[in-house]
Each structure stands twice: as structure tokens, then as C-alpha cells.
Amino acid sequence: MGGSGTAGNSPCASCKLLRRRCAKDCVFAPHFPSDHPHKFAIVHKVFGASNISKMLQELPLPQRADAVSSLVYEATARVRDPVYGCTGAISYLQSQVAQLQMQLALAQAEILCNQIRQDQQLLPNTLQYLNETATQNNHMPQFHNFTSFDNKNVICSDSFKKDSVYGCDLVS
């Protein structure tokens, strides 16, 4: 008599829609309960009952629930967008990700520009302060003018002069 529906003897959603008796070994019953008839209706509309049955029978039992979930998702997407189905949704989401990545890159570039501007505004004050401190304390005579600092004032120890792999000085 009764199939494997959720409410005792109630047939599953597929058997109810197809108007047939739900057998004990109904392949649809565990995945399309009678209280969710819309799930089977949409999958049946897109794929057909025979194709769904064949797909489910070819899969091992643990994978069938995921397969039904995927079929329901694809069928829903196919009804919404008959041409592209879930591919259309994926493409739309990928374009949104690309737009958001572009906005993030622009925001990061703006933050970097603001930080550089702020550093450039602070640099003259810092150099002036260092110059004033050096001349007042006379502790650093070799760097008496920070604003005109160049490589000639740098003292390089011989321990930093080493041959590179290419035979040139790493520090000159």
C-alpha cells in the first residue's frame, strides 16, 4: 500500500504528481517528500521523471541527496533563465566580484595616496627638527644639514663591500 512518504501512507511528491502508487523502494521518496511538492515539480519540468530516476539510480546512496539538491538548484535557475540557467547566475556573481575587487583596489590606492601626502607634509617638519636638534646639541656634526643629505656623507665600512655572484661590488 503505502509508500515511503513522510506522513505514513502518503505518497512522495513525485508519485503524487505522476499519479502513481509509491512503492517501498521508490527512488524519489527519500528526496522528494510529500510536503515539498514544488521541488519535484520544478525538477520534473526541466529534466523529466525518467531522467531523474536514471541519474539517482546510477549514484551511490550517500551522494543522492547532494545530487537532488543540485538538480533542484539547476532546475530553479533554468526556469528563471531558460537560456543560461545557473551559468547566468555564476557569470553575474563573477562580474560583481570583479567590480568589488576594482573598488577595493581603488580604495587601497586612495589610502596609499593619502598616506604619502601625509608623510610628505610631515617630512619637512621632521627634517627641520633634526637640523635644529643637531646644531643645538652639536652631537652629530657629520650630518649637519639633513635637508641637503646625499650619498657623499654616507660612510661605508669595508665589511659591507663584498663581491657578488656576478663579480661586482654589492656596495660601492
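Shape class for the range 38-77, computed from the alpha carbon gyration tensor (a ≥ b ≥ c): oblate, with a/c not under 1.5 and a/b at or below b/c. When a/c is below 1.5 the answer is rounded, else prolate if a/b is larger than b/c, else oblate, so apply that to the range 1-131 with a ≥ b ≥ c taken from the square roots of the Cα gyration tensor eigenvalues. It is prolate, given that a/c is not under 1.5 and a/b is the larger ratio. With an a/c value of 1.5 or above and a/b not larger than b/c for the gyration tensor axes a ≥ b ≥ c computed over the alpha-carbon atoms, the range 13-80 is described as oblate.
Among the trypsin sites (Lys or Arg not before Pro) within the range 16-47, those in coil by DSSP and having at most 16 neighbouring Cβ atoms inside 10 Å are 19, 20, 21, 24.
In this structure, residue 89 and residue 20 have a Cβ-Cβ separation that, at R0 = 41 Å, corresponds to a calculated FRET efficiency of about 0.75.
Readers should treat all values here as calculations from the given coordinates under stated rules, not as data from a laboratory. Keep in mind that what you see is a predicted model, and the values were worked out from it rather than measured. Reconstructed Cβ throughout: ideal geometry from the backbone, glycine too, with neighbour counts over all protein chains shown.
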